[in-house]
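Working notes, structure below.
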Amino acid sequence: MRFQDKVALITGGSGGIGLATAKRLASEGARLVLVARNEEKLKHAAEEVTAVGAPDVLTISCDIGDEAQVEAAVRQVLDKFGRLDVVVNNAGLMEFKPLEELTGADWLRTLHVDLLGAFFFTKQAFLHMKPGGAIVNVASIHAVETSPLVAPYAAAKAALLSLTRSSSLEGRAKGLRTNVVLPGAIDTPMLWDNPNIKSGVEVINKADVGRPEDVAAAIAYLASDDAKFVQGTEMRVDGGRLDQL
């Protein structure tokens with residue numbers, strides 16, 4: 001039970017990779033904090049993680065792109081549990097537009113969720129986590145190789161790699177670790193709702209599609225003491241897809 005008595009906060013925890021991660025950590029003893037915007041989805045997610053053994057679950061409806069809401073969310077966590085041991089910055093937003101149609105508002109909407117949300121929770125972790133804490137960011141192979149129509153998403157995920165490096169450098173003196181996973185094509189609504197996939201602009205072999213549980217396993221490793229000497233690493237979880245792009 002690698003997460004016995006530990007408190008793990010997961011953004012975007014109501015579905016997809018976030019929910020799979022919550023279930024994985026719950027099965028290993030973690031007390032969970034699920035953060036998302038949709039309260040109904042959070043309720044169902046809490047029921048699912050409880051069913052797989054989560055000893056305690058706190059759900060928080062929060063706009064992670066709003067720093068004041070993030071601060072309030074972390075206060076709730078500390079008021080309830082008195083500690084925070086793991087932060088998984090998983091929430092993501094992906095929009096599809098040609099560059100010439102993008103507006104500043106489009107960019108800011110994506111950056112607030114995909115980059116600033118991770119920064120806000122990392123900042124709170126630095127302020128409140130004790131030595132031994134772990135932060136795991138969820139980027140994407142789009143941070144390295146991308147496709148048309150997703151410039152803000154790709155840029156935000158590339159910046160998230162840089163934030164991971166900065167966090168690992170500055171967190172080391174605090175006894176905190178920060179690492180990042182780069183999922184490839186994962187069987188989630190974000191993949192199948194992708195207009196590039198639907199139109200055939202981007203073709204995916206079913207053999208290259210992973211499960212949310214595959215990413216959750218990598219996140220659990222990086223968040224655990226098994227990875228206590230792993231700092232600032234970028235772990236691809238893509239079935240080798242990036243090598244083909």
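Of these, Leu111, Leu161, Leu149, Leu115, which one is surrounded by 15 or more Cβ atoms within 10 Å (Cβ to Cβ), assigned to a helix (DSSP H, G or I), touching an Asp or Glu at 6+ places or on another chain (Cβ under 9 Å) and hydrophobic (A, V, I, L, M, F, W, C)?
On inspection, the qualifying residue turns out to be Leu161.
Sort out which residues of region 175-207 are part of a helix (DSSP H, G or I) and either loosely packed, with under 15 Cβ neighbours inside 10 Å or of a type in the set (Gly, Ala, Ser) (or both), and write them in order of number.
Those that are part of a helix (DSSP H, G or I) and either loosely packed, with under 15 Cβ neighbours inside 10 Å or of a type in the set (Gly, Ala, Ser) (or both): Pro189, Trp192, Pro195, Lys198, Ser199, Lys206, Ala207.
Quick one: in region 218-241, which of the residues that are surrounded by 15 or more Cβ atoms within 10 Å (Cβ to Cβ) and part of a helix (DSSP H, G or I) is modelled with the lowest pLDDT?
Here the residue is Arg241.
Please work out if Gly171 is under 23 Å from Ala8 (Cβ atoms) and not charged (D, E, K, R).
yes
Residues in region 90-105: is at least one surrounded by 15 or more Cβ atoms within 10 Å (Cβ to Cβ), at pLDDT 95 or above, among the hydrophobic types (A, V, I, L, M, F, W, C) and within 30 Å of Met1 (Cα to Cα)?
yes
If I ask for residues that are surrounded by fewer than 23 Cβ atoms within 10 Å (Cβ to Cβ) and either under 13 Å from Gly92 (Cβ atoms) or in contact with a Ser or Thr (Cβ under 8 Å, 6 or more places away or on another chain) (or both), which ones from region 4-15 would you list?
Across region 4-15, the qualifying residue is only Gly15.
The values are calculated or read from the model by the stated rules, or taken from the named source; none is laboratory data. What you are looking at is a predicted structure, and each value in this text was computed from that prediction instead of being measured. Neighbour counts are summed over all protein chains in view; Cβ atoms, including those assigned to glycine, are modelled from backbone coordinates with ideal geometry.
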